1. So which of Ala50, Ala114 is outside any helix (DSSP H, G or I), among the small types (Gly, Ala, Ser) and at pLDDT below 90?
2. Out of segment 398-431, which residues are without any contact (Cβ under 8 Å) to a residue 12 or more places away in the chain and small (Gly, Ala, Ser)?
3. Being open to solvent by less than 90 Å² (accessible area, probe 1.4 Å) and either closer than 18 Å to Arg69 by Cβ or at pLDDT 90 or above (or both) is the filter here; which residues of segment 151-164 pass it?
4. If you scan segment 331-349, which residues turn out to be open to solvent by less than 40 Å² (accessible area, probe 1.4 Å) and either in contact (Cβ under 8 Å) with a residue 12 or more places away in the chain or in contact with a helix residue (DSSP H, G or I) (Cβ under 7 Å, 6 or more places away or on another chain) (or both)?
5. Cβ-Cβ under 7 Å, sequence separation 6+ or interchain: first residue in segment 308-330 and of a type in the set (A, V, I, L, M, F, W, C), partner open to solvent by less than 40 Å² (accessible area, probe 1.4 Å) and not in a helix (DSSP H, G or I). Which pairs?
6. Is there a residue in segment 103-111 that is of a type outside the set (Ser, Thr, Tyr), in contact with an Asp or Glu (Cβ under 8 Å, 6 or more places away or on another chain) and in a strand (DSSP E or B)?
7. Specify the residue that is most open to solvent (accessible area, probe 1.4 Å); the eligible residues are those in segment 244-274 that are over 19 Å from Ala298 (Cα atoms) and without any contact (Cβ under 8 Å) to a residue 12 or more places away in the chain.
8. Regarding Ala7, is this residue surrounded by 15 or more Cβ atoms within 10 Å (Cβ to Cβ) and of a type outside the set (Lys, Arg)?
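The values are calculated or read from the model by the stated rules, or taken from the named source; none is laboratory data. Every value quoted in this text rests on a predicted model; they were computed, and no experiment measured them. Cβ placement follows ideal geometry from the backbone for every residue including glycine, while neighbour counts extend to all protein chains displayed. For accessibility, only protein heavy atoms count, side chains too; no ligands or nucleic acids. Shrake-Rupley method; radii C 1.70, N 1.55, O 1.52, S 1.80 Å.
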Amino acid sequence: MNFHEWAYIKQHPTVWRILLGILVIPLAYAAILLASVWNPYGELHRLPMAVVDQDRATATMHWGRTVTRQLTRSKSLQFHRMTARQAHRELRAGKLYLVLIIPRKSSYQLGRLASHPETLRLTYQTDAGQSTVAAKMGSTAMQKLQGTLNQTVIQAEFVAIQRQTVQSGRRLVTTAGQLQRVVRASATGAPASVTSPLNEAIVQGLTRNGQRLAQQSKRPHQLQALAAPIKLVQHNVTSVANNGTGMAPYFMAISLFVGCITLNIIYDAGKRHGQYRNFALAWLDKMGMLWVFVMLAASAMWLAVLNINGLRPLQPGKTYLLSLLIVLAFFSLVTCFRLWLGLTGAWLMLIFMIFQIGCSGGTYPIALTNPLYRAVHPYLPMTIAMAGLRHTISLGGSIAGICWILASMVVVFSLGTLAYFYTHRNDEMLA
């Protein structure tokens, strides 16, 4: 058997370098993506949260301060004490993933739980527009916290009831003693001036104990409040229609980057078809056609997610225009590397795209990944594009800064492609 293919690869180093590069792609894809989602629930202590203590202390209790101290010292969750305004601002900015609010009358309500059972509702705020997965993870963490808080309150109330029971027992013993005195006084013919105060004390004691016994017969909702006095209620400051809407920025950014890489691998942007007076006209003709093409591809993607998937952005017009700007920025970046480094440049952009998928925080919050991913996350093109799309799809707000960054990418890397055309203006490939 002849091994002609192996001999051919051996004689052409460029081919085996390409095959070696392709060999690395599955390895890189699996390793990078798995690193980003390896153990997110085991890293919940890295998820920044805030607790807002609005509770006012009573004479016997300051429950809000106690809980706040426990949460900020906890190693299982990363809570920071903040004011309501600061916490809300950082939640909307994506710096926090959850805000727990302890209401003003918490101590007052829990202090009278035995006599007036009522469920204490604590609100925790999440922002599904920033990350639907983070909102769900926060909800899971709060369910566990609710159980812990209920257990603590019930134990404290059980101790208080034990004390009250002991005191009630002592009162009953006192009342019984008074009754015995009345009986003895009556038997010996004591005057009314002696027996009347004793009778009155007995009546008062029996009345108080009867009231306590009556209070033990609670209504169903009161029994429920005694069994689970704390209830955590979720409130999304920005709601999304469904999981797809929350994940749309992530998948839209990936699809646009993949399209730009595919185009550059299949279509040679450096080869000129025709005669031009100078390199600038050759560049404008080539890039102008490709710009139109990638914007058509972005428009097709936009129509698909709008009409097939049913995406309903908060700002449809801005979302579409931002998609066009994103694809131009991605295309300019990928094309610049493809022209200067050939297929190696396209391969590098493919690896870079895989790296961005892992570091952009599109699946799990970036705070739950490793230190390298957290460090580079804010500076990646895909991260910037996703941030802009989140604003136009769910969050609202200004995207001016993001647009300036993307436009700068278009200018800088377009100048890079223009420089390539200038450098290769006498190249036979361009003639």
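1. Values: Ala50 fails: at pLDDT below 90.
Within the list Ala50, Ala114, the selection yields Ala114.
2. Answer for segment 398-431, where residues must be without any contact (Cβ under 8 Å) to a residue 12 or more places away in the chain and small (Gly, Ala, Ser): Ser398, Ala400, Gly401, Ser408, Ala419.
3. Thr152, Val153, Ala156
4. Looking only at segment 331-349, we keep the residues that are open to solvent by less than 40 Å² (accessible area, probe 1.4 Å), and these are 331-336, 338-339, 342, 345-346, 349.
The answer is Phe331, Ser332, Leu333, Val334, Thr335, Cys336, Arg338, Leu339, Gly345, Ala346, Met349.
5. Every condition considered, the pairs that remain are Leu314/Gly396; Leu322/Ile399.
6. no
7. His273
8. Spelling it out, it is not the case that Ala7 is surrounded by 15 or more Cβ atoms within 10 Å (Cβ to Cβ) and of a type outside the set (Lys, Arg).
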